[in-house]
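The values are calculated or read from the model by the stated rules, or taken from the named source; none is laboratory data. This is a predicted model, so every value here is computed, not measured. Using ideal geometry, Cβ is built from the backbone for each residue, glycine included, and neighbour counts are taken over all protein chains shown.
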Amino acid sequence: MSKKINNIEYPTLDDLITNDTEFEKALNAEIDFEVSLIGKLIEAREKKGLSQKQLADLCGVKQPAIARLESIKSTPQINTLFKILTPLGYKLDIVPINSIK
């Protein structure tokens, strides 16, 4: 619902928020992936009964790095992700989209 001012159409904030551009869809997919991934990491750490410090010691990273990751304040490098997933008993796979249920 754009607004016309001096014969110029301007988008409203609602227009910008609800715009389903390919960029926005990709950004939303990235955010959904990060939230899901971090949720699974936290769930796996807690299921193993590990503190952030214990997990950090197991994977050779510092506890603040685990805290930043779990609070989604940073996006991990692939090698860091592998270091964290291994002691939790998980691995990262790439699967075709059509095989996801």
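Scanning region 41-52 for residues that are in contact with a helix residue (DSSP H, G or I) (Cβ under 9 Å, 6 or more places away or on another chain) and either within 22 Å of Ile94 (Cα to Cα) or surrounded by 11 or more Cβ atoms within 10 Å (Cβ to Cβ) (or both) yields Leu41, Ile42, Ala44, Arg45, Lys48, Leu50, Ser51, Gln52. Among residues of region 68-101 being at pLDDT 90 or above and charged (D, E, K, R), the one that is nearest to Glu43 (Cα to Cα) is Glu70.
Looking only at residues of region 1-52 that are assigned to a helix (DSSP H, G or I) and either touching a strand residue (DSSP E or B) at 6+ places or on another chain (Cβ under 7 Å) or small (Gly, Ala, Ser) (or both), we find that the one that is modelled with the highest pLDDT is Ala44.
Looking for whichever is within 17 Å of Glu34 (Cβ to Cβ) and either modelled with pLDDT of 95 or more or among the small types (Gly, Ala, Ser) (or both) here; the options are Ala56, Ala65. Which one fits?
Numbers: Ala56 fails: within 17 Å of Glu34 (Cβ to Cβ).
One residue alone meets the criteria, Ala65.
When Ile78, Ile72, Ile97 are screened for being surrounded by 10 or more Cβ atoms within 10 Å (Cβ to Cβ) and either under 13 Å from Leu37 (Cα atoms) or of a type outside the set (S, T, N, Q) (or both), only Ile72 passes. Taking each residue of region 82-96 that is closer than 14 Å to Leu69 by Cβ and in contact (Cβ under 8 Å) with a residue 12 or more places away in the chain and looking for partners that are exposed (fewer than 14 other Cβ atoms within 10 Å of the Cβ) and small (Gly, Ala, Ser) with beta-carbon atoms closer than 7 Å, six or more apart or interchain, yields Lys83/Gly60.
Considering each residue of region 53-69, count those that are part of a helix (DSSP H, G or I) and exposed (fewer than 14 other Cβ atoms within 10 Å of the Cβ), and give that number. Talk me through it step by step, then tell me what you get.
Start the filter on region 53-69 by keeping residues that are part of a helix (DSSP H, G or I), which leaves 53-59, 63-69.
Next, from what is left, pick out any that are exposed (fewer than 14 other Cβ atoms within 10 Å of the Cβ): 53, 64.
Of the residues in region 53-69, 2 are part of a helix (DSSP H, G or I) and exposed (fewer than 14 other Cβ atoms within 10 Å of the Cβ).
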